[in-house]
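One structure is given here, and the rest of the page talks about it.
The values are calculated or read from the model by the stated rules, or taken from the named source; none is laboratory data. Bear in mind the structure is a predicted one, so any value in this text is a computation, not a measurement. Positions of Cβ are backbone-derived with ideal geometry, glycine not excepted, and every protein chain shown enters the neighbour counts.
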Amino acid sequence: MTAATAIAAERTLVRPLAELADAGLEVPVLGGGRMRHANLDLAASAPALAVVSTRVSDLLPWYSSVHRGTGYPSELATELVEESREVVARRVGARADDVVVFTRNTTDALNLLASAVPGEVVVLDIEHHANLLPWRERRVVVGRPTIEETIDALAAELARRPAALVAVTGASNVTGELLPLARIAAVAHAAGARISVDAAQLLPHRTVDVAALGVDYLAFSGHKAYAPYGAGALIGRRDWLDAAPAYLAGGGAVSRVEVGRVEWHPAPERHEAGTPNVLGIAAIALALEALDALGEADRDAHEHALLARLEAGVAGIDGVRALRGFADATDRVGIVTLELDRGSVGLVAAALSAEHGVSVRAGKFCAHPFFRRVANRSNGLRASLGVGTSSDDVDRFVEALATLVADGPREAYHRTGDGWRPLADDRPKPSLLRR
């Protein structure tokens with residue numbers, strides 16, 4: 001980023017692109033005051049889009065069981081689930097013969113896929129644990145200094161020994177860097193492998209088209225895509241999913257059961273035993289449609305303006321460094337992880353919340369191998385942006401971080417098993433938590 005770009009980013013007022021359910025939320029701070037919440041922890045979980053929250057509330061009276069129910073609400077709920085399946089397929093560019101299986105989240109979706117893969121899986125070391133740990137037969141390619149060198153290393157590993165699947169992230173949850181998915185898909189296919197993409201961080205920020213990219217499987221979570229109602233999805237080719245054992249054994253996954261014999265449905269029903277999360281599934285479809293309606297160009301412009309502002313701000317703080325995984329990465333989503341030369345990022349994160357009303361995240365972000373490779377310290381501080389973020393949120397974070405790095409927290413803190421906490425915490429809990 002040039003100096004001129006940094007100056008322009010600092011001067012531009014950037015408003016939220018969409019209203020979230022937490023718009024205007026005030027949180028208590030130490031000393032008895034309250035501040036508008038600046039939520040820069042969206043990469044962990046994002047509040048619902050306001051339109052999604054409203055629509056889900058409208059659906060609550062109609063909530064009922066799905067499939068085989070004869071009541072009108074049950075018929076409506078069944079139709080809602082199946083229409084949502086079609087919306088998800090359409091919004092991610094699924095092929096006509098692809099299947100959409102609803103799950104709890106990305107981790108659940110990738111564990112389901114892991115149960116269906118007929119062979120070894122090759123992954124990069126940049127993965128979130130959800131895309132690193134589930135694979136039963138796994139080979140890990142350590143990332144190189146550049147994306148180009150990393151793709152070459154991946155191709156060399158596949159040439160050395162074939163694999164059934166290459167599993168990669170769409171966007172790093174540590175650095176926000178995007179991988180060239182179409183190129184990696186081509187490398188995988190040339191070696192006779194399929195490719196799956198962990199889109200947990202990619203989908204909330206970018207339009208995804210699995211058919212155009214050549215991606216065979218896609219997994220994502222609703223809770224990161226402004227639909228935090230406990231659902232996710234796995235989208236992809238049917239044959240492996242039809243051949244795999246049922247992910248959960250139970251009602252809805254079978255067409256016929258006898259004492260000594262079971263006939264299983266094909267996917268998606270094969271892997272959706274039990275009562276589905278009707279509201280969570282509907283929320284995902286609503287959120288994807290709402291994000292699409294914002295327009296890809298406007299979403300990109302909003303995010304890039306905020307990202308430039310954030311990077312320009314933290315670049316002016318001594319003793320703070322932004323982590324990068326690849327020297328040649330040219331595209332990133334709104335995720336920045338910072339390393340401090342001194343002090344505890346956990347303490348800084350606690351003070352940002354307790355004293356400034358700013359939420360971020362401290363740690364290794366469930367990507368331990370990648371974090372250890374790119375960082376010098378044991379933990380980092382991650383700020384993440386979204387469609388509900390404003391320039392005021394970014395400015396408050398930068399100003400508060402600069403103060404904490406220079407002067408430290410105003411109040412005393414102690415370290416507990418759950419992290420740093422104020423020694424004397426006078427922040428009242430909301431009534432919804434009172435018993």
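For the stretch 104-116, does any single residue satisfy the condition of being within 20 Å of residue 269 (Cβ to Cβ), at pLDDT 95 or above, assigned by TED's automatic domain parsing to the domain that holds residue 204 and among the charged types (D, E, K, R)?
yes
Got at least one residue in the stretch 236-246 being in contact with a Phe, Trp or Tyr (Cβ under 7 Å, 6 or more places away or on another chain), under 30 Å from residue 387 (Cα atoms) and assigned to a strand (DSSP E or B)?
yes
Residues in the stretch 115-126: is at least one out of contact with any Lys or Arg (no Cβ under 6 Å at 6 or more places or on another chain), touching a residue at least 24 places away in the same chain (Cβ under 8 Å), of a type in the set (S, T, N, Q) and farther than 23 Å from residue 325 by Cα?
For the stretch 115-126, residues out of contact with any Lys or Arg (no Cβ under 6 Å at 6 or more places or on another chain), touching a residue at least 24 places away in the same chain (Cβ under 8 Å), of a type in the set (S, T, N, Q) and farther than 23 Å from residue 325 by Cα: present.
Sort through 87, 66, 99 and tell me the only one that's touching a Lys or Arg at 6+ places or on another chain (Cβ under 8 Å), over 30 Å from residue 336 (Cβ atoms) and surrounded by 17 or more Cβ atoms within 10 Å (Cβ to Cβ). Step through it out loud before you land on a result.
Numbers: 87 fails: touching a Lys or Arg at 6+ places or on another chain (Cβ under 8 Å); 66 fails: touching a Lys or Arg at 6+ places or on another chain (Cβ under 8 Å).
None of the other options fit; the residue is 99.
Within the stretch 358-417, track down each residue that is among the β-branched types (Val, Ile, Thr) and within 27 Å of residue 107 (Cα to Cα).
360, 374, 387, 389
Among the residues of the stretch 323-337, is any of a type in the set (S, T, N, Q), modelled with pLDDT of 95 or more and over 30 Å from residue 151 (Cα atoms)? First the steps, then the outcome.
Filtering the stretch 323-337 for residues of a type in the set (S, T, N, Q) gives 330, 337.
When the remaining residues are screened for being modelled with pLDDT of 95 or more, the result is 337.
After this cut, where a residue has to be over 30 Å from residue 151 (Cα atoms) as well, the list is none.
The answer is no, given that none of the residues of the stretch 323-337 is of a type in the set (S, T, N, Q), modelled with pLDDT of 95 or more and over 30 Å from residue 151 (Cα atoms).
Condition test on residue 146, is it in contact (Cβ under 8 Å) with a residue 40 or more places away in the chain, hydroxyl-bearing (Ser, Thr, Tyr) and touching a Phe, Trp or Tyr at 6+ places or on another chain (Cβ under 6 Å)?
So residue 146 fits the description; yes.
Given the stretch 357-435, what strands (runs of 3 or more DSSP E) lie entirely inside it while holding 1 or more residues that are under 14 Å from residue 347 (Cα atoms) and under 26 Å from the mean Cα position of the chain (by Cα)?
Output list reads 361-363, 380-384, 419-422.
Out of the residues in the stretch 203-222 that are crowded, with 24+ Cβ neighbours inside 10 Å and assigned to a loop (DSSP other than H, G, I, E, B), which is farthest from the chain's Cα centre (by Cα)?
Selected residue: 215.
Just the residues that are in contact with a helix residue (DSSP H, G or I) (Cβ under 9 Å, 6 or more places away or on another chain) and exposed (fewer than 14 other Cβ atoms within 10 Å of the Cβ), please, taken from the stretch 52-61.
Correct list: 60, 61.
Can you tell which of 312, 351, 305, 297 is free of Cβ contacts under 8 Å to residues at least 24 places away in the same chain and part of a helix (DSSP H, G or I)? Steps first, please.
Details: 312 fails: free of Cβ contacts under 8 Å to residues at least 24 places away in the same chain; 351 fails: free of Cβ contacts under 8 Å to residues at least 24 places away in the same chain; 305 fails: free of Cβ contacts under 8 Å to residues at least 24 places away in the same chain.
Residue meeting the stated conditions: 297.
Do we have residue 272 as acidic (Asp, Glu), assigned by TED's automatic domain parsing to the domain that holds residue 99 and in contact (Cβ under 8 Å) with a residue 40 or more places away in the chain here?
yes
On the basis of being without any contact (Cβ under 8 Å) to a residue 60 or more places away in the chain, under 20 Å from residue 44 (Cβ atoms) and not assigned by TED's automatic domain parsing to the domain that holds residue 68, does residue 339 make the cut?
Yes: the conditions hold for residue 339.
Being in a strand (DSSP E or B), hydrophobic (A, V, I, L, M, F, W, C), in the same structural domain as residue 190 (by TED's automatic domain parsing) and crowded, with 22+ Cβ neighbours inside 10 Å, is that true of even one residue in the stretch 124-143?
Scanning the stretch 124-143 turns up at least one residue that is in a strand (DSSP E or B), hydrophobic (A, V, I, L, M, F, W, C), in the same structural domain as residue 190 (by TED's automatic domain parsing) and crowded, with 22+ Cβ neighbours inside 10 Å.
May I ask you to verify whether residue 283 is in contact with a Pro (Cβ under 9 Å, 6 or more places away or on another chain) and not assigned by TED's automatic domain parsing to the domain that holds residue 403? I'd like the intermediate steps shown before the answer.
On the way: in contact with a Pro (Cβ under 9 Å, 6 or more places away or on another chain): yes; not assigned by TED's automatic domain parsing to the domain that holds residue 403: yes.
In short, yes.
Check off (1) farther than 26 Å from residue 22 by Cα; (2) of a type in the set (Ser, Thr, Tyr); (3) touching a Gly at 6+ places or on another chain (Cβ under 8 Å) for residue 344 and give me the number that stays unchecked.
Every listed condition holds for residue 344 apart from (3).
Pull out all pairs, ordered by first then second residue, where Cβ-Cβ is under 9 Å, the residues are six or more apart or on different chains, the first lies in the stretch 224-248 and is of a type in the set (D, E, K, R), and the second is modelled with pLDDT under 95.
Qualifying pairs under 9 Å: none.
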